[in-house]
Structures are given as C-alpha cells and as structure tokens.
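Undergrad: The following block contains the structure, expressed as structure tokens.
The values are calculated or read from the model by the stated rules, or taken from the named source; none is laboratory data. Because the structure is predicted, anything quoted here is derived from the model rather than measured. Quick reminder, even Gly has a Cβ in these numbers, built from the backbone with ideal geometry, and neighbours come from all protein chains shown.
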Amino acid sequence: MVHVFIPRASGFAKTLEDRGLNVIRATLEDIDVLAKTASDADAVIHLGCKRTSPPTLHPISHLHHRAYPDPADLDIITAFGTVLSRTNKPLIITSCTLVTGIPNSHEYSPGKVPPMAASERLTLRLSSAGIRTHIIRLPPVVHGDGDTGFLAHYIECSRKAGFAGYVGDGEHRWPTAHVEDVVQVYKLALETIHLKGGNILHASHESGVFFSDIASTVAKRLNIKAKSMTKQEAEEAYTWGVQMMVQDGRTSSEWTRAWLGWKPEGVGLVEDLEGSGWYFGDDCVYRGRRNEKIRHSVQ
C-alpha cells in the first residue's frame, strides 16, 4: 500500500484514491502522524514543502521550493530517522541543485545554501543509523505536461509584455529534466539495493540550457521578440520570476546515471517548448493565473 500525504484542503484526494493510493490528510506540522505512517512503511519519500500556490497536476514542478524548506523540516527528517533507525529502509529527501551555490556542481558537491543544506547534512548523517538515505536534487525546472510552475509564469508574463526577456547576455545556464525522467530517478533509488545510503543523486537530464535559448523558443511560439533586459527591468515584467531567471548553475548527473543505470529518455526543455501543446494552451494559462491569485492573496 502506498500512503500519500496531502494538505487537508487539497482536491486531489479522490483522484489519488481512484488510483489505489491511501490518502492521509495532514500538514507538515503533524509530525506524529508523519512518523507513525513512516514506521509502517517499507520506504519514505519526503517531497513536502510549503508554498504559496495550490497543488497542481504536476507538483514536482514546484519542488525547487524545497531549496527553502520550512524550519520544521529538520524535525520531520529527525522523526523519520527515529522510526526508521536500524531498519535498512530507504529514506529519500528531496533537495534542489541550487543548494550547492556554485556554477558547476556534481553529486559530491556539498550543500552550502541554507536552510536546505542543513536538511541535507542531517539526512546524510542518518545513513550511519542503519537507514538507506538518499538525497535527490532536482533541477530548477522540471518540465512536462501539467507544469504550472516557473515556465508557465514566464510564458504568461511574456505574453502580456509582448516580448520574451532574458537578463544580460542570457547565458545563465539551467539544468533541466522531464518530469517522467525525474520519476524514474525516485523509482530507481528505491529499487537499487547496492546503494547503501548516504548518496546524493542529481536528477538533471540536461546539464545547462542557456536562458537565451529558452527565451528565443518562447518568442517564436508567441510570435513576439526576444530581448535582453536589466535585472530591474525583468523584475517589472516577470515579478518573482526574476529570481529564477538570474540563476546560473550547470549540473552534472554522471554519477547518478552510473549508480542507478538511469537513462533519461524524455525530450529536452527547448524541444518540449517547441512542440508543447500544454505550455501555450488555455488550461496551462488558466491554472497559472489561478495560482498567481492565490500566491498574492497569502502574501
């Protein structure tokens, strides 16, 4: 039986239950409930993060927020560690490649950016307690149908502005992966017994896509121009999205592929944008606008 924790207000319970999953309504503050369920499970995957938009068809697209987890994250991981101690069961914690804080990272690059770095260090220490701990670092953009995260926001803002902007020369590099390939990393991490624990895994298919290439592709799809902007100009057009636009971090997943036998097969980000019916369709626009309204209502 697969147990899935969702917020009490989520409307996805029936969809998940129809797929045979046991839905438990809880929040990140319900640590006792989390721990009790974890103690009965064969493995635990921690994807939880607080964010200001509702659950979507593609929640993994929002997991870059795990780079800035709630302060209670350490308490949650500690609780998981307590109930899983000496069981040799897998405990997988989700992080983000941005946690390294360096422009070229790999699986052995230590997490340095707080507060997620502290969650990573705690997780790695738990491997000495008889737990097969793994940290899966996601790239800033996990793309695919159902995504209403940053890419949807960027496309909608570009549509409104009449241009697709990039900051400076647009050579900020983004590691990316298709959502279906990311799911395979979690699956393989659970199933790969020879990984004894204490591993950091990078779920990045493309090591670094230039943001100018993303902007050019969006511009072609919307029949608008792509143009260079200052960070201040980008803030006016893309609001919170500018924080993502100026990130630069090429990421290697060479060790992850070797350890897991992971062979990503999904399309690359630019190819996905070139042929996507989702990102430029009405449903993505509607969901993106709804998320923005909720984001502003809680700020």
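Undergrad: Going by the structure shown, is Ser53 closer than 21 Å to Val185 by Cβ, of a type outside the set (A, V, I, L, M, F, W, C), at pLDDT below 85 and in contact with a helix residue (DSSP H, G or I) (Cβ under 8 Å, 6 or more places away or on another chain)?
TA: no
Undergrad: Which of (1) among the hydrophobic types (A, V, I, L, M, F, W, C); (2) part of a loop (DSSP other than H, G, I, E, B); (3) crowded, with 20+ Cβ neighbours inside 10 Å is the odd one out, the single condition Ile77 does not satisfy?
TA: (2)
Undergrad: Consider Ile224 against the criteria (1) closer than 26 Å to Gly277 by Cβ; (2) at pLDDT 95 or above; (3) buried (at least 17 other Cβ atoms within 10 Å of the Cβ): it satisfies all of them except one. Which criterion is unmet?
TA: (3)
Undergrad: Mind checking which residues of the range 250-276 are under 16 Å from Ile136 (Cβ atoms) and in a loop (DSSP other than H, G, I, E, B)? Give the derivation first.
TA: Residues of the range 250-276 under 16 Å from Ile136 (Cβ atoms): 251-262, 264.
Scanning the range 250-276 gives Ser252, Ser253, Gly261, Trp262, Pro264.
Undergrad: Do we find a residue being surrounded by fewer than 17 Cβ atoms within 10 Å (Cβ to Cβ), closer than 17 Å to Glu206 by Cβ and either modelled with pLDDT of 90 or more or touching a strand residue (DSSP E or B) at 6+ places or on another chain (Cβ under 7 Å) (or both) anywhere in the range 272-284?
TA: Among the residues of the range 272-284, at least one is surrounded by fewer than 17 Cβ atoms within 10 Å (Cβ to Cβ), closer than 17 Å to Glu206 by Cβ and either modelled with pLDDT of 90 or more or touching a strand residue (DSSP E or B) at 6+ places or on another chain (Cβ under 7 Å) (or both), which makes the answer yes.
Undergrad: When you check Asp181 against the structure, is it modelled with pLDDT of 95 or more, among the acidic types (Asp, Glu) and not in a helix (DSSP H, G or I), yes or no?
TA: Working: modelled with pLDDT of 95 or more: yes; among the acidic types (Asp, Glu): yes; not in a helix (DSSP H, G or I): no.
The answer is no for Asp181.
Undergrad: Could I ask something else about it? Tell me which residues, restricted to the range 83-121, are more than 29 Å from Val246 (Cα to Cα) and more than 18 Å from the chain's Cα centre (by Cα).
TA: Within the range 83-121, Val83, Leu84, Ser85, Arg86, Thr87, Asn88, Lys89, Pro90 qualify.
Undergrad: Something else now. Would you confirm whether any residue within the range 211-218 is modelled with pLDDT of 95 or more, outside any strand (DSSP E or B), in contact with a His (Cβ under 9 Å, 6 or more places away or on another chain) and at negative phi? Steps first, answer last, please.
TA: Initial filter on the range 211-218 (modelled with pLDDT of 95 or more): 211-218.
Remaining after also requiring outside any strand (DSSP E or B): 211-218.
Narrowing further to those that are in contact with a His (Cβ under 9 Å, 6 or more places away or on another chain): 211-212.
Among the residues that remain, those that are also at negative phi are: 211-212.
Checked the range 211-218: at least one residue is modelled with pLDDT of 95 or more, outside any strand (DSSP E or B), in contact with a His (Cβ under 9 Å, 6 or more places away or on another chain) and at negative phi.
Undergrad: Whether any residue in the range 149-169 is modelled with pLDDT under 95, in contact with a helix residue (DSSP H, G or I) (Cβ under 6 Å, 6 or more places away or on another chain) and more than 20 Å from Asp213 (Cβ to Cβ) is what I want to check.
TA: no
Undergrad: For the range 196-211, give me the residue count where each residue is out of contact with any helix residue (DSSP H, G or I) (no Cβ under 6 Å at 6 or more places or on another chain) and over 13 Å from His172 (Cβ atoms).
TA: Final tally of qualifying residues: 6.
Undergrad: Taking the range 181-199 as the region of interest, how many residues are of a type outside the set (S, T, N, Q) and within 15 Å of the chain's Cα centre (by Cα)?
TA: Keep residues of the range 181-199 that are of a type outside the set (S, T, N, Q), which gives 181-183, 185-191, 193-198.
Next, only the ones that are within 15 Å of the chain's Cα centre (by Cα) stay: 181-183, 185-186.
Total satisfying the criteria: 5.
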